[in-house]
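Visitor: Okay, here's the structure, questions in a sec.
A short reminder: the numbers here are calculations on the coordinates, not readings from a lab. All values reported here derive from a predicted model rather than from experimental measurement. Neighbour counts run over all protein chains shown; Cβ positions are idealised from the backbone, glycine included.
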Amino acid sequence: MPTRSPPPRAPERLAPAHAAQAAHAAPPALLIAALLCACAGAPPPAPLQPAAALDEFNARRLGSGDATPSADGGWDRAQWLAAALQLNPHLAEERAAVVAAAAAERTAAQRANPGMELFADYLKSAASSGAWLYGVSLDFLLRQPGERARARRRAALESALAQSDLTESLWQVRAALRLALLDAASARDEQALLAQLVSQRQALLAGERRRFELGDVARGQVLADELELLHARQRLQQSQARAADARVRLAAAVGVPLAALGERPARWQDWTAIATLKVDAPEHWRTAALIGRPQIVQALRGYDLAELTLQSEVARRWPQVHVTPAYAWGGGGVREDALTDIARESAVGVSFELPLFNQHQGEIGEALARRAVAGEHLKAVQAEIFAEIERAESAWAAAQQAWQDSQSLATLAAKQQQSEQRALEAGAGDRSSAVAAQIALTEAQLAVLQAAYNAQLVFGSLEDAYRRPLQGEEGLWPPSAPSA
């Protein structure tokens, strides 16, 4: 009696001639046509052109988009931030990552497609000619209980992580923008005072040279005044370089080339008004930061992902079942008796893992350890943020006191300068003393600017610690991205 293999076994590959014979069967042809239809639609190619991207970046201009404010005159910080939200390339990348994570949620909700195999068996009888047996089998995966729900939950967590990364990137852009504007505004005001200082040093040096010619002062005093003048000029040059660097960083934070800024001033008129900077309800902001900063959210979502991984490993203790129904037809070439005259037959196969050597205890132990690491990471991040907030709050009190002290010194210097000026006008003083008093007042004013700049830096650090704007026109945080 002839022997033949059951349809669900591993298929033998068809030779080209035999494949041509199998093509006459209607069911495989229909299945192949369905597969071809499913594969027909594909997204069009979108090749990247670095040269075109460079041209697009060079062509960017402030105020050219519908979402950016008008660029006439100077912009305040809120307007600069609005432009950065639209134009910054890093934020565009983060938004694309959020969209990609959301697309993964759709993928996780899909049901797995069955697999399909086409096979052929060659049947031969000792008394008659051989014949081909053609067949098709489908492989259905019976997913473990809750696996699809866990996949959807994992995709949702990945999407939340992407949103948290975007929020953190928004803040980083905002912080870089604030620092660049602070440097530009402070350097502008500093240059005005340093230009006065250079002029005053020149006047003092000219007077000292005349007195040296008359023999009233020693040569060493003239040399000291020359050194002070050179130092003042050097400080002016450094301030100009700092202003230029601030504009470069401002353009980078917004996402435009430096040429797009043109001569537009970076407006921040009240940056020296340190007395107006207030921290209302610091306990509220501290608590909100310790439970809601993006780093905390990321650590929480990381812990949730570790928990999901543990659940998935525990679920793997139950076997994952594959059900394989099969159908075969043919066999017209074997005629010895009815038993070998095959017309059609069907079968069902079931396959699953046999947990003989392990029950996935190793993977479960790894998942437990990773969950413990995620829990400790959350505690470490929270402690780090707590220390950052405490340092910023302590430094803010010291910076306020330093600014107030500099204000007091500037007030005394102003009184001294007025006294010397009145003495000069009354004929009881000399020109050199009056100029020296003016220089002392300018230096005191520069010290006030430096103290205000340091206080703004510390206040920015406090905002960074809270991840919350505490002053300005920026409104709610995080801001929504303007539509292009």
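Visitor: Once the piece of chain linking ALA369 and LEU470 is laid out straight, how much longer is it, given 0.36 nm per residue of separation minus the C-alpha distance between them?
Guide: Between ALA369 and LEU470, full extension yields an extra 32.3 nm.
Visitor: Taking neighbour Cβ counts within 10 Å as the exposure measure, how do ILE389, ILE364 sort from fewest upward? Before the final figure, lay out each step's value.
Guide: On the way: ILE389 21, ILE364 17.
Ordered from fewest to most neighbouring Cβ atoms within 10 Å, ILE389, ILE364 come out as ILE364, ILE389.
Visitor: Follow-up question, since we're still on this one. Given labels modelled 7 Å from the Cα in the Cβ direction, how far is it in nm from SER433 to LEU138?
Guide: Result for the modelled spin labels: 10.7 nm.
Visitor: Using the 10 angstrom Cβ neighbour count as an exposure proxy, how do ASP216, ASP280, ASP76 rank, fewest first?
Guide: ASP280, ASP216, ASP76
Visitor: Give me the number: length gained by fully extending GLN110 to ALA241, i.e. 0.36 nm times residue separation minus the C-alpha to C-alpha distance, one decimal in nm.
Guide: Roughly 41.4 nm would be gained on extension.
Visitor: Report, to two decimal places, the Cα Rg of the stretch 385-484 normalised by 2.2 N^0.38 Å (N = number of residues).
Guide: On the way: Rg = 20.9 Å, N = 100, 2.2 N^0.38 = 12.7 Å.
For the stretch 385-484, the normalised Cα radius of gyration comes out at 1.65.
Visitor: Please report the spacing between the Cα centers of the stretch 131-209 and the stretch 228-293 in Å, no decimals.
Guide: 18
Visitor: Report the percentage of all Cα-Cα pairs in the stretch 172-325 whose separation exceeds 23 Å, rounded to a whole percent.
Guide: 68
Visitor: Counting alpha carbon pairs within less than 8 Å and at least 6 residues apart, what relative contact order, in whole percent, applies to the stretch 232-375?
Guide: 21
Visitor: Is the C-alpha gyration tensor of the stretch 301-456 telling us rounded, prolate or oblate? Criteria: a/c under 1.5 is rounded; beyond that, a/b larger than b/c is prolate, otherwise oblate.
Guide: prolate
Visitor: Still on this model: Over the stretch 342-484, what relative contact order in percent results from Cα pairs under 8 Å that are six or more residues apart?
Guide: Once divided by the residue count of the stretch 342-484, the mean separation gives 28 percent.
Visitor: Right, next: Once both labels are modelled 7 Å past Cα along the beta-carbon direction, what's the ARG219-PHE352 spacing in nm?
Guide: The answer from the label model is 10.4 nm.
Visitor: For the residues LEU258, LEU214, LEU197, what sequence is obtained by ranking on other C-beta atoms within 10 Å, fewest first?
Guide: Details: LEU258 13, LEU214 8, LEU197 25.
Final ranking by Cβ density, sparse to dense: LEU214, LEU258, LEU197.
Visitor: What distance in nm lies between label points placed 7 Å from Cα along the C-beta direction at GLN450 and ALA195?
Guide: Label at GLN450, label at ALA195, 2.2 nm between them.
Visitor: If a/c stays under 1.5 just call it rounded; otherwise compare a/b with b/c (prolate if a/b is bigger, oblate if not). Do that for the stretch 129-211, with a ≥ b ≥ c from the square roots of the Cα gyration tensor eigenvalues. Spell out each step's value before the answer.
Guide: Values: a/c = 11.72, a/b = 4.35, b/c = 2.70.
Because a/c hits 1.5 or more and a/b exceeds b/c, the stretch 129-211 counts as prolate.
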